[in-house]
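Structure, as structure tokens:
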Amino acid sequence: MAGLIEPRTLKGFRDYLPAPMMARERLIETAKSVYRSYGFSPIDTPALEYAEILVGKGSDETDKQLFRFTDNGGRDVALRFDLTVPLARFSAQHHHELGLPLKRYHIGSVWRGETPQAGRYREFMQCDFDTIGTESNASDIETLLVIHDLMSKIGFERFTIRVNNRLVLNGLLEQQGLTEKSVGVLRAIDKLAKIGRGGVIEEMTSKVGTTQQQAERVLDLVGLTGTPSEILNQLETMFVGNEVGSTGTARLKELFEACAKAGIPSGRIELDLTIARGLDYYTGTIYETFLADKREIGSVCSGGRYDNLAGLFTKDRLPGVGASLGLDRLLAAMELLGMVETASTPAEILITQFDAPRLGDYLRLSRLLREAGFRVEVYPEATKLGKQLKYADKKGHKLAIIAGENEFNAGVWQIKNLRVQGQPLTMSEAHLVAELRKLLG
RNA sequence: GUGGCUAUAGCUCAGUUGGUUAGAGCGCCAGAUUGUGGUUCUGGAUGUCGCCGGUUCAAAUCCGGUUAGCCACCCCA
């Protein structure tokens, strides 16, 4: 046959096979339930927006990475590259009808036309949650609690949420007379872990245009060590008379104290003055979450406070705070850490089809078991039993139910536990559900 | 967007200085076992060597282009 079209996917885009897709859906379910447990409501927005809504609202980089084109009606449109800018538009448009504060979560795909690398794709999913319309530090603290619960509900024990506050950084920059160059300086500081002290100084002096002395001084301050409270005490002293720095310090102090009282294990939250976040719109608290066992993969949940989210869309001032779970990156880490189950079926029970004329009985049982809350699949063909069991084994069903003439005559069902070796159980239908519950525990 | 590395069976890869019909392991299919999986044994199928073009008597092998993956820069989830 000539003229076959080669099946292929676009650069940076990919298919999801059942096993990873099930892990992905589980992750999304977990995220939703945590968000809902704090009272965040779901919303959605269109994937495609007028380009003017998206252009220039992120960084220069995001403009370059936009998937942008003219639609059939001649409109200049683009795919969203994050969920925050759509949220800004959404808030400006709807906050009057919804009221403030607005707590929303938003799970959806975003697109960036950047060069793909491991764990970085042109289409990926974000799971954002934000609190709009309040400047209260309580929301900053709650955001951190949500991140913490999210990570532990997903199943991570060894992770740290690094916290900082832009006001502290701004205070430092103000004292060094670097306010004008803050974006470049912060971007350089953000790279400290990656390129080292010398690299950061080099970048600051050559690219950003600070003096050697300014660069060193900034790094000294940012590199303060000790427990959070020790560092905060030093900052407090340093910022006497500096309002911006003092406010940032006070907010961080309240955050650490409240988290301790709320029962977050110490050590899971770190004060790290070097995290700056590249995004220009953050103005207060900043969060980054690292997996202790997969630090190199980068932050899996990041966010922060922005005090004027929708300034480009409305004169109403809409401060907010929130964070975004990097679903695909997290999933890649979980795969590497062996946290993803290998089963490729959601069904826990396979009913084999032994006697084709008994199809009705198999289907009746399957409905009865589904009614009882089990996920049940009936094998579609009455082929050799060995083949059906092999299928169950491969797909990851936990139990198989078998019945042929012998069983039907005796009025029983046979249960085979595929996770262990051994003799199958046989029992009447009356006892079946209870036994299955026990086996699937 | 810039630079580097890579591309051989469904998957992971081998293929010696270009030389006849391109290999292995795993997986897949069938049988041993016509009522019982994951172990074992036996047999079997599968490739225009990513794609296009060039050099050559001869290309999986060399050259150019292209597409995709990976890595670095940049940025970020």
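The values are calculated or read from the model by the stated rules, or taken from the named source; none is laboratory data. Nothing here was measured: the structure is a model prediction, and the numbers come from that model. Cβ atoms come from the backbone with ideal geometry, glycine included; neighbour counts cover every protein chain shown. The protein model used for the area step is the full one, side chains on, heavy atoms only, and it has no ligands, DNA or RNA in it. Shrake-Rupley method; radii C 1.70, N 1.55, O 1.52, S 1.80 Å.
Mind checking whether some residue in the stretch A:399-410 is open to solvent by less than 40 Å² (accessible area, probe 1.4 Å), near RNA strand B (Cβ under 10 Å from one of its atoms) and either at positive phi or in a loop (DSSP other than H, G, I, E, B) (or both)? Checked against the condition, which is being open to solvent by less than 40 Å² (accessible area, probe 1.4 Å), near RNA strand B (Cβ under 10 Å from one of its atoms) and either at positive phi or in a loop (DSSP other than H, G, I, E, B) (or both), the stretch A:399-410 yields at least one hit.
Selection within the stretch A:99-133: residues that are at pLDDT below 95 and among the hydroxyl-bearing types (Ser, Thr, Tyr). The member of this set that is nearest to A:Asp44 (Cα to Cα) is A:Ser109. Of the residues screened, A:Leu331 is not one that is under 20 Å from A:Asp82 (Cα atoms), away from RNA strand B (no atom under 16 Å from the Cβ) and open to solvent by less than 30 Å² (accessible area, probe 1.4 Å).
For the stretch A:163-245, which fully contained helices (runs of 4 or more DSSP H) count at least 2 residues that are among the charged types (D, E, K, R) and within 16 Å of RNA strand B (Cβ to nearest atom)? Quick ask: steps written out before the conclusion?
Details: elements: A:166-175, A:182-190, A:192-203, A:212-222, A:228-238.
Qualifying helices (runs of 4 or more DSSP H): A:182-190, A:192-203.
From the list A:Glu157, A:Glu142, exactly one residue is part of a helix (DSSP H, G or I), more than 14 Å from RNA strand B (Cβ to nearest atom) and under 17 Å from A:Glu270 (Cα atoms). Which is it? Working first, answer last.
Working: A:Glu157 fails: part of a helix (DSSP H, G or I).
When all the criteria are applied, what remains is A:Glu142.
Of all residues in the stretch A:287-298, none are at pLDDT 90 or above and surrounded by fewer than 19 Cβ atoms within 10 Å (Cβ to Cβ). Inspection of the stretch A:101-124 identifies at least one residue that is open to solvent by 40 Å² or more (accessible area, probe 1.4 Å) and of a type in the set (Val, Ile, Thr). Tell me, yes or no, whether the stretch A:355-373 has at least one residue that is in contact with a strand residue (DSSP E or B) (Cβ under 7 Å, 6 or more places away or on another chain), in a loop (DSSP other than H, G, I, E, B) and either within 15 Å of RNA strand B (Cβ to nearest atom) or open to solvent by less than 80 Å² (accessible area, probe 1.4 Å) (or both). There is no residue in the stretch A:355-373 that is in contact with a strand residue (DSSP E or B) (Cβ under 7 Å, 6 or more places away or on another chain), in a loop (DSSP other than H, G, I, E, B) and either within 15 Å of RNA strand B (Cβ to nearest atom) or open to solvent by less than 80 Å² (accessible area, probe 1.4 Å) (or both).
So that you can scan it fast, the table gives a plain yes or no per residue for (1) modelled with pLDDT of 85 or more; (2) in a helix (DSSP H, G or I); (3) not assigned by TED's automatic domain parsing to the domain that holds A:Gly119:
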position: A:Gly3; (1), (2), (3): no, no, yes
position: A:Pro7; (1), (2), (3): no, no, yes
position: A:Leu10; (1), (2), (3): yes, no, yes
position: A:Arg26; (1), (2), (3): yes, yes, no
position: A:Glu29; (1), (2), (3): yes, yes, no
position: A:Lys32; (1), (2), (3): yes, yes, no
position: A:Tyr35; (1), (2), (3): yes, yes, no
position: A:Pro46; (1), (2), (3): yes, no, no
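Could you list, in sequence order, all residues of the stretch A:374-390 that are within 9 Å of RNA strand B (Cβ to nearest atom) and either closer than 21 Å to A:Arg437 by Cβ or open to solvent by 60 Å² or more (accessible area, probe 1.4 Å) (or both)? Hits for the stretch A:374-390 are A:Lys384, A:Lys387, A:Lys390. One residue alone among A:Ala92, A:Ala88 is surrounded by fewer than 20 Cβ atoms within 10 Å (Cβ to Cβ), within 21 Å of A:Leu318 (Cα to Cα) and modelled with pLDDT under 95, and that residue is A:Ala92.
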